[in-house]
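Read through the structure below, which is laid out as structure tokens, and then see the notes.
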């Protein structure tokens, strides 16, 4: 029997890291009459933007204090969203509840980011909260299937996309990056801890240095969640900055997984891609 998923209850707590996504989710919830409460992670969430929302500041690792704040705001449903640099275990701010679950946290820290987030979610859910994904709270922010831009992938680009997908599937068990650049059948760069923007800067530099000889307008950026990934956390995200990075790297376009990739500013993204002559395509999940 399928598990019955309860409807989203208001208010919804957003555990917010860096970037624009927490605020895009907050706006989406507000538009549907659901109250967002932002639990802003110190050192990551934008202090200027969070001021316009109902919010509390939290520190990484203060599980007891944080769950008490969730309860005080009556936030049964929670969403992890935004960027966060993985802390060292020694950097975690301990409170009494965190101390009680240190053995579980140490196990979680031994894996990749997905393993760490899933381990933390299990601790929070035992306190009676529900962790939700973007697909549940703001599905309109996910990439639809098909082409979103005027430009479309040519035959070689489709071949490069398939190779990129295959490589990301092969890397998934190692819980590493979510993006790769393939040009004319050659894997030229794989995302590392620095992220997608740094990946594209590296490709642009390799072109400038003559290390990539393919003519401009060839190659694709392929992004996909890991096959082992809990889709409530750390979905690939695409924004105007990524499109600008792809254009600077002189690639033909971007391929992402439909329904499993977040578009922070969909209209602005498509406009930027059309202006650059770059395609953006949503692949079947």
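Determine which member of the set 264, 255 is crowded, with 17+ Cβ neighbours inside 10 Å, closer than 19 Å to residue 164 by Cβ and either in the same structural domain as residue 163 (by TED's automatic domain parsing) or modelled with pLDDT under 95 (or both). Walk me through how you get there before you give the answer.
Working: 264 fails: closer than 19 Å to residue 164 by Cβ.
Residue meeting the stated conditions: 255.
All of (1) at pLDDT 95 or above; (2) closer than 18 Å to residue 137 by Cα hold for residue 32 with one exception: (1).
Checking each residue in region 267-282 for being in contact with a strand residue (DSSP E or B) (Cβ under 8 Å, 6 or more places away or on another chain) and surrounded by fewer than 21 Cβ atoms within 10 Å (Cβ to Cβ) picks out only 270. Within region 172-189, if we keep just the residues that are at pLDDT 95 or above and within 18 Å of residue 229 (Cα to Cα), the residue that is surrounded by the fewest Cβ atoms within 10 Å (Cβ to Cβ) turns out to be 179.
Which residues, taken from region 123-171, are surrounded by 17 or more Cβ atoms within 10 Å (Cβ to Cβ) and part of a loop (DSSP other than H, G, I, E, B)? 129, 133, 138, 143, 148, 149, 151, 153 - these are the residues of region 123-171 that are surrounded by 17 or more Cβ atoms within 10 Å (Cβ to Cβ) and part of a loop (DSSP other than H, G, I, E, B). Given the residues 23, 39, which is the only one that is at negative phi, assigned to a strand (DSSP E or B), in contact with a helix residue (DSSP H, G or I) (Cβ under 8 Å, 6 or more places away or on another chain) and in contact (Cβ under 8 Å) with a residue 12 or more places away in the chain? After applying the criteria, what remains is 39. Note on region 225-255: residues that are in a loop (DSSP other than H, G, I, E, B) and free of Cβ contacts under 8 Å to residues at least 60 places away in the same chain total 4. Restricting attention to region 208-224, the residues being part of a loop (DSSP other than H, G, I, E, B) and at pLDDT 90 or above number 11. Only a single criterion out of (1) modelled with pLDDT of 95 or more; (2) outside any loop (DSSP other than H, G, I, E, B); (3) surrounded by 15 or more Cβ atoms within 10 Å (Cβ to Cβ) is not satisfied by residue 205, namely (3).
Of everything in region 208-229, what is touching a helix residue (DSSP H, G or I) at 6+ places or on another chain (Cβ under 6 Å) and crowded, with 16+ Cβ neighbours inside 10 Å? Give them in sequence order. If you could, list the steps in order and put the result at the bottom.
In the first step, residues of region 208-229 are kept if they are touching a helix residue (DSSP H, G or I) at 6+ places or on another chain (Cβ under 6 Å); the result is 212, 220-222, 224, 226-229.
Hits for region 208-229 are 212, 220, 221, 222, 224, 226, 229.
The values are calculated or read from the model by the stated rules, or taken from the named source; none is laboratory data. In this text, all values refer to a predicted model and were calculated from it rather than measured experimentally. Every residue, glycine among them, receives a Cβ derived from its backbone with ideal geometry; neighbour counts consider all protein chains shown.
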